[in-house]
Amino acid sequence: MRLLRRPPRKARIEIIPLIDTIFFLLVFFMMASLSMAVYRGMPIDLPKAGTGQQGMRDHAAVTLTKDGQLYLDKQPISVDQLRERLKGLLTVNPELTVILSADEAVSHGRVVEAMDVARWAGSNKLAIAVKPNQMRREE
């Protein structure tokens with residue numbers, strides 16, 4: 001008796017499961033990198049604003065707490081030292097954004113003083129940190 005052999009099937013690589021796996025890895029690494037964003041300021045009660053933005057990469061965080069303490073990237077600092085430190089940071093990176101975070105109980109004069117120090121140090125990019133407001137303005 002003679003048995004007929006089937007010709008061997010050629011191996012195929014199924015690409016659909018591969019695409020699913022690659023997409024899953026892409027999403028995983030995107031989400032992981034977004035969660036690694038580091039805020040260098042102190043935790044304070046920010047005022048609310050409807051036009052706030054998020055996501056600045058190169059920045060220096062200047063924080064004013066309600067007890068009047070001044071911080072630069074979580075380091076306590078005086079007003080005189082702030083100008084020199086910001087000047088040094090801005091010579092290294094002229095595109096540095098200075099983010100001013102002030103507790104809503106801080107007086108307007110102290111906030112303006114910190115803004116003035118940042119301008120004297122040579123900062124061209126200055127942002128004021130706010131909490132997003134629940135009510136968005138209608139356009």
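The values are calculated or read from the model by the stated rules, or taken from the named source; none is laboratory data. Owing to the predicted nature of the structure, the values given are computational and were not obtained by experimental measurement. Ligands, DNA and RNA are excluded from the accessible area calculation, which covers all protein heavy atoms including side chains. Shrake-Rupley method; radii C 1.70, N 1.55, O 1.52, S 1.80 Å.
When THR91, THR21, THR97 are compared by accessible surface with a 1.4 Å probe, the order from highest to lowest is THR91, THR21, THR97.
Rounded to the nearest Hz, the phi-derived 3J(HN,Hα) couplings of the range 16-25 under the Karplus curve 6.51 cos²θ - 1.76 cosθ + 1.60 (θ = phi - 60°) are 4, x, 5, 5, 4, 5, 4, 4, 4, 5, where x marks glycine and proline.
State the extension gain, in nm to one decimal, for the chain segment bounded by PHE23 and VAL92, taking 0.36 nm per residue of separation less the distance between their alpha-carbons. List each step's numbers first, then the result.
On the way: separation 69, 0.36 × 69 = 24.84 nm, distance 3.81 nm.
Stretched out fully, the PHE23 to VAL92 stretch lengthens by 21.0 nm.
The aspartates and glutamates whose alpha-carbon is closer than 17 Å to the alpha-carbon of LYS131, local same-chain residues fewer than 8 away aside, are ASP45, ASP103, GLU104. The HN-Hα couplings worked out from phi for the range 81-92 by the Karplus form 6.51 cos²θ - 1.76 cosθ + 1.60 (θ = phi - 60°) are 5, 4, 4, 5, 5, 5, 4, x, 5, 6, 6, 6 Hz, whole numbers, x standing for Gly and Pro.
Of ARG6, ARG83, ARG12, the residue with the largest accessible area leads and the full order is ARG6, ARG12, ARG83 (1.4 Å probe). With a 1.4 Å probe rolled over the protein heavy atoms of all chains, the accessible area of LYS87, LYS74 falls in the order LYS74, LYS87, largest first. Measuring only protein heavy atoms, the 1.4 Å probe finds GLU14 accessible over about 100 Å². Which lysines, on any chain, are close to LYS87 with Cα under 18 Å apart, when same-chain ones fewer than 8 places away are left out? In chain and number order, the partners are LYS74, LYS125. The H on the amide N of ALA102, modeled in the peptide plane, is under 5 Å from the matching H of LEU64, ALA129, each at least 5 residues off or on a different chain.
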